[in-house]
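A.B. asks: I'd like to ask you about the structure that follows.
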Amino acid sequence: MTRRITPDMTLLDVVHQYRATEPVFRARDEQAGECLLCKALFETVADAAARYGLDLDALLTDLEAAASDGK
């Protein structure tokens, strides 16, 4: 399966192209300790996951599911 959302995309790119992914990021704000879309908007998905201790594979899977559902 080809992913629409890749680790090298910025959070801004992801939410701009797939608006339905915003709740996926919001759901991880508590774990991150701050608003991801406020503080990491220009970081890549991979960099944000590493910075905030998020599981990159799980994040990408959830983002992909949201993007598919929210076509």
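A.B. asks: I'm trying to understand the selection: among the residues of the range 2-14, which are crowded, with 16+ Cβ neighbours inside 10 Å and either in contact with a Leu (Cβ under 7 Å, 6 or more places away or on another chain) or polar (S, T, N, Q) (or both)?
C.D. replies: Ile5, Pro7, Thr10, Leu11, Val14
A.B. asks: For the range 12-48, what are the residues that are more than 18 Å from Thr2 (Cα to Cα), among the small types (Gly, Ala, Ser) and either free of Cβ contacts under 8 Å to residues at least 40 places away in the same chain or in contact with a strand residue (DSSP E or B) (Cβ under 8 Å, 6 or more places away or on another chain) (or both)?
C.D. replies: Of everything in the range 12-48, those that are more than 18 Å from Thr2 (Cα to Cα), among the small types (Gly, Ala, Ser) and either free of Cβ contacts under 8 Å to residues at least 40 places away in the same chain or in contact with a strand residue (DSSP E or B) (Cβ under 8 Å, 6 or more places away or on another chain) (or both) turn out to be Ala27, Ala32, Gly33, Ala40, Ala48.
No value in this document is a laboratory result; all are computed from the given coordinates. No experiment lies behind these values; they were computed from the predicted model shown. Methodologically, a virtual Cβ is constructed for each residue, glycine included, from the backbone with ideal geometry; neighbour enumeration extends over all protein chains shown.
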